[in-house]
Amino acid sequence: MRSWQLDPLHLFLAASTINLVFALAVGIIACVDRRARGMKWFSASSFMLLTSTTFRLWHARNESPIWDVRISAWVLLSYALMSIGVYWFCERRPVRHARMKVLLLLGVCGLALLVPGKAAFPIFALLRGVTCAILLWCGWMFWRPRVRALRKTTRISAVIVVMLAILLMLFPVIKLGALTPYTMWLLDFLRSAATVCSLALQLSFVSLYVMDNNTRLLEETRRDVLTGLHNRRAFEEQAQISVDHAVTRDQSLALLMIDLDDFKALNDRWGHSCGDQSLKLVGGALRGALSNEKLAARIGGEEFAVLLENCDLERAKDKADGLRELIESLELYSGANRITITASIGVSLLLPGEVVWHDLLQRADAALYGAKSRGRNCVVVSSDTTAPLPAAGETSAWNRIFRGGLSL
């Protein structure tokens, strides 16, 4: 057994150094990037874990129940702070009254330190049980984050958290028996394994921040700044994916092409600030009305596109009529003057045998041109379009998209 004896002192010394580096790194991230969700809680947790590791380094061979209660209370607070950061990171919203809950938990842990020696072991086991429950809750949140793009990374963190919970729960189980050389070796092994898992978990905090930041930057490149809708790039990527899904699952797919009427005249008369405000209003209206749809995008100056998955032609036309009325009801003012916004909408449906989205877009654009020819502020379905395609000198959304003349 002596040949397998671990030296926890060197491990705790190395762990304290690495823990300090991680705590400083996470703290700098929390201070520099205000948009880093939950990093301030991760930073506070890392510093508290650093303190507990330092305490254990000073008292590596102290196995008294009172000392176990002190360490367990400190570790419980550390992972409670971490759970607040995990909730913020995975659920994308802060914990209600987080500071009050931390203060309450701090008071409970403070009372736990006042227990007499005979009751120390039950309190120690209770503190470890609560800590494990918090860790398992964190593992559940890591397993199912709201942002799917982070799921692979967060699930690695979930595995680490569950392993750490199991290791921490084994401590009171082992200490139920007598402290023999074998159990002392086993406790050293568990402490070493828990320290490694704790360091791996803190490393995952940094990797999660990097992944979240990359996802956020990628999303920003796919969003139109003015309206908050997807931009042309995101629309082109998603359109073909939606067509592939519709063909594979034998489902219908509809496309709405929306163009604001007399937008150039609005800019010339009321100014570009009113034009930008009208685009913002329309973008907000589309986001609110199409929250469950796959994609709503601004693909041009005053042109928008909406993909409706598993939607037949009749439902698509009803949806288009509703959007046209919604846009017309928007209120835009320039001083005391109310500016009316209207839109023409073309609707097309994916036909049997079509496997690319270009044909879908071209027919929706032809229907949109038909709506413009019929007096604007109306909806035209591609199947009943009687107006001809745009003449050679006229510009359609199809031509602007694929000839590169569209400025976003």
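Would you pick out the residues in region 198-229 that are assigned to a loop (DSSP other than H, G, I, E, B) and either within 15 Å of G85 (Cα to Cα) or among the acidic types (D, E) (or both)?
D224
Can you find, within region 234-284, the residue that is surrounded by the most Cβ atoms within 10 Å (Cβ to Cβ) among those that are among the small types (G, A, S), touching a helix residue (DSSP H, G or I) at 6+ places or on another chain (Cβ under 8 Å) and not in a loop (DSSP other than H, G, I, E, B)?
Within region 234-284, the match that is surrounded by the most Cβ atoms within 10 Å (Cβ to Cβ) is A254.
Can you tell me which residue is surrounded by the fewest Cβ atoms within 10 Å (Cβ to Cβ) among those in region 149-187 that are without any contact (Cβ under 8 Å) to a residue 12 or more places away in the chain and among the charged types (D, E, K, R)?
Looking at residues that are without any contact (Cβ under 8 Å) to a residue 12 or more places away in the chain and among the charged types (D, E, K, R), I get K152.
Within region 285-309, take every residue that is surrounded by fewer than 16 Cβ atoms within 10 Å (Cβ to Cβ) and small (G, A, S) and give me the one that is modelled with the highest pLDDT.
Top of the filtered list is G288.
Output the residues belonging to region 63-106 that are modelled with pLDDT under 75 and within 14 Å of F171 (Cα to Cα).
E63, S64, P65
Any idea which of E314, E325 is outside any loop (DSSP other than H, G, I, E, B) and closer than 13 Å to A254 by Cβ?
E314
In region 247-275, what count of residues is obtained for those that are more than 34 Å from the chain's Cα centre (by Cα) and touching a residue at least 12 places away in the same chain (Cβ under 8 Å)?
6
What is the residue count in region 165-185 for residues that are β-branched (V, I, T) and under 15 Å from L76 (Cα atoms)?
Of the residues in that region, 1 qualify.
Filter region 336-356 for residues that are assigned to a loop (DSSP other than H, G, I, E, B) and in contact (Cβ under 8 Å) with a residue 12 or more places away in the chain; which is farthest from the chain's Cα centre (by Cα)?
T340
The values are calculated or read from the model by the stated rules, or taken from the named source; none is laboratory data. Just so you know, these numbers come straight off a predicted model, no measurement behind them. When we count neighbours, we look across all protein chains shown, and the Cβ atoms used for this are built from the backbone with ideal geometry, even at glycine.
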